[in-house]
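These notes concern the structure reproduced below.
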Amino acid sequence: MFDVIVVGARCAGASLAMLLARGGHRVAVVDRASFPSDTMSTHFLWQRAAFRLRDWGLLDRLHARGCAPIEQITFDVGPVQMSGIGLGVEGQTAVYCPRRTVLDTVLVEAAVEAGAELIDGVVVDDVVWADGRASGVRGRRRGAGGSLSLRAPLVVGADGLHSTVARRVAARVYNHHPPLTCVYYSYWSGLGDVRASFHARTGQLILVWPTNDGLTCIYVGWPRREFARVRTDLDRSFHAALDLVPGLRDTVASGHREQRFVGTADLPNQYRTSVGPGWALLGDAGHHKDPSTGMGIADAFLSADLLAEAIHSARAGRPVDDALGDYPRQRDQLTANGFELALNTARLAPLSNGLTAFYRAAATQPEVVERIFGVLGGSVPIRDVYSAPRIASVLAQANA
Ligand SMILES: Cc1cc2nc3c(=O)[nH]c(=O)nc-3n(C[C@H](O)[C@H](O)[C@H](O)COP(=O)(O)OP(=O)(O)OC[C@H]3O[C@@H](n4cnc5c(N)ncnc54)[C@H](O)[C@@H]3O)c2cc1C
């Protein structure tokens, strides 16, 4: 018997399992994958994600596995480019881009080290109920076969966008916006000292990130409606997008693509009801958004912290449903700004004349550049930079 069963052992599930096990809970964390394991996701970690890893004592482990801090990013909107880094979060200014094979393994190892029981290679098919409450899961082992049944008074679905747990508990979707983009990415070796950069163009978004093992991850996003066209001739579509950034196609041609392209158009923007009798949802299972702003991992860490806090307070004597009730409210509040930013970014809309003038003015004011990067990273509210009075003040300063 466990106190908590967590289904899914990546950014959300492994983090929660680690925090709960550190707090003395008996935790089982189940995943159909075995680690190290890759997944469909790039892996940009803004300051608030890096801060959590540091706080959990895991940032040094990323360093030890060859993941270098990124101290400068270029933000390029076509007519204007600016370089910098966002305002730090609790003194954490550098950002990181660890492969998921590395990041998820560090988290899983930390969960096991803290005392969580990792049950990998098991697919969870169903939630078990007793007296109207979730009370465990049923699953089957991959490969060799065989079934498995686990019991706990709390089942957490950290099993991603297509969460089986969410389906079995009939979690309701709310604040839903259909997919706005489709994306493809891959990894190149031999590109030299490539800087992290974010290039926004009308109808396209091109992201370039140095990652582990001397590789560079390049990600292109297009409007969702173009998915059929893009994948019909993916190589050509991808390289046509690179042409929108001066010099990028030549840089890429000087290296070697190390992996096949990976992509998807299955990128809904939504929340799900995330607590019920004996169950909770975490990470993408509870809230999913377009990856254009690279915030899913940071939000999975945030949610793991919030849910762990709620579960700790239930253990300390607060009625469990009451304690868990705070978690989705706090999550929705703390992710609202990033959700709005992801929706705005994923529209891949043309840059208006007004915004072009604003960016030109901002590029000459280092403290404004820092705040623009802070918005991108989710540590500065959008309205603190893009409200009409703030824009007017930046324009006035530039004209002074
Ligand atoms: C193309 C793309 C690029 C992205 N880029 C970034 C980025 O740069 N930065 C960023 O912060 N975010 C990014 N994201 C978002 C990020 O990938 C997610 O927000 C993050 O992975 C969510 O973590 P999670 O643990 O909730 O879910 P997941 O990472 O999806 O993990 C779910 C786990 O549950 C397991 N599982 C599922 N069903 C079952 C089952 N029935 N039984 C047992 N196990 C099960 C799976 O095997 C998996 O290991 C990107 C997403 C995409 C699609």
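The values are calculated or read from the model by the stated rules, or taken from the named source; none is laboratory data. Everything numeric in this text was worked out from a predicted model, so none of it was measured. Cβ sites come from the backbone with ideal geometry, for glycine too, and all protein chains shown count toward neighbours. Heads up: the accessible areas ignore ligands, DNA and RNA and are worked out on the full protein's heavy atoms, side chains in. Shrake-Rupley method; radii C 1.70, N 1.55, O 1.52, S 1.80 Å.
Mind jotting down the distance between the C-alpha centroids of segment 191-248 and segment 296-362, whole Å?
A separation of 26 Å, based on Cα centres.
With a 1.4 Å probe and all protein chains left in place, how much accessible area per residue does segment 181-264 have, in Å²?
45
Let me check the size of segment 353-399 from its C-alpha atoms; what are the radius of gyration and Dmax in Å?
Cα only, segment 353-399: 9.8, 29 Å (Rg, Dmax).
Could you work out the relative contact order of the chain? I mean the mean sequence separation of Cα pairs under 8 Å and 6+ apart, divided by the number of residues, in percent.
With pairs under 8 Å counted, the relative contact order is 21 percent.
For the chain, which semi-axes, largest first and in whole Å, follow from the square roots of 5 times the eigenvalues of its Cα gyration tensor?
Gyration-tensor ellipsoid for the chain: 37, 24, 20 Å.
Grab the other residues whose beta carbon is less than 13 angstrom from that of Gly374, score K and R as +1, D and E as -1, and report the net.
+1
What FRET efficiency comes out for Thr39 versus Gln397 if R0 is 51 angstrom and r is the Cβ-Cβ distance? Round to the nearest 0.05.
Taking R0 as 51 Å, the efficiency between Thr39 and Gln397 is 0.70.
Could you tell me the relative contact order of segment 1-45? Use alpha-carbon pairs under 8 Å, at least six residues apart, and round to a whole percent.
Once divided by the residue count of segment 1-45, the mean separation gives 41 percent.
Using a simple charge model, +1 on the beta-carbon of Lys and Arg, -1 on the beta-carbon of Asp and Glu, nothing else, what dipole does the chain show about its Cα centre, in debye to the nearest 20?
740
In the chain, what percent of the accessible surface is made up of carbon and sulfur (1.4 Å probe, ligands and nucleic acids excluded)?
Of the solvent-accessible surface of the chain, carbon and sulfur hold 50 percent.
Give me the net charge for the shell around Pro153: Cβ to Cβ below 10 angstrom, other residues only, Lys and Arg +1, Asp and Glu -1.
Every neighbour counted, the sum reads +1.
How big is the dipole moment of segment 181-264 about its Cα centre under a simple scheme where the beta carbon of each Lys and Arg is +1, that of each Asp and Glu is -1, and everything else is neutral? Debye, nearest 20, please.
360
Contact order normalised by length for segment 353-399, with contacts defined as Cα pairs under 8 Å and 6 or more residues apart; what percent is it?
45
In bins 10 Å wide, starting from 0, what share of all Cα pairs of segment 111-157 does each bin hold, as a percent?
Spelled out bin by bin, segment 111-157 gives 24, 48, 26, 2 percent.
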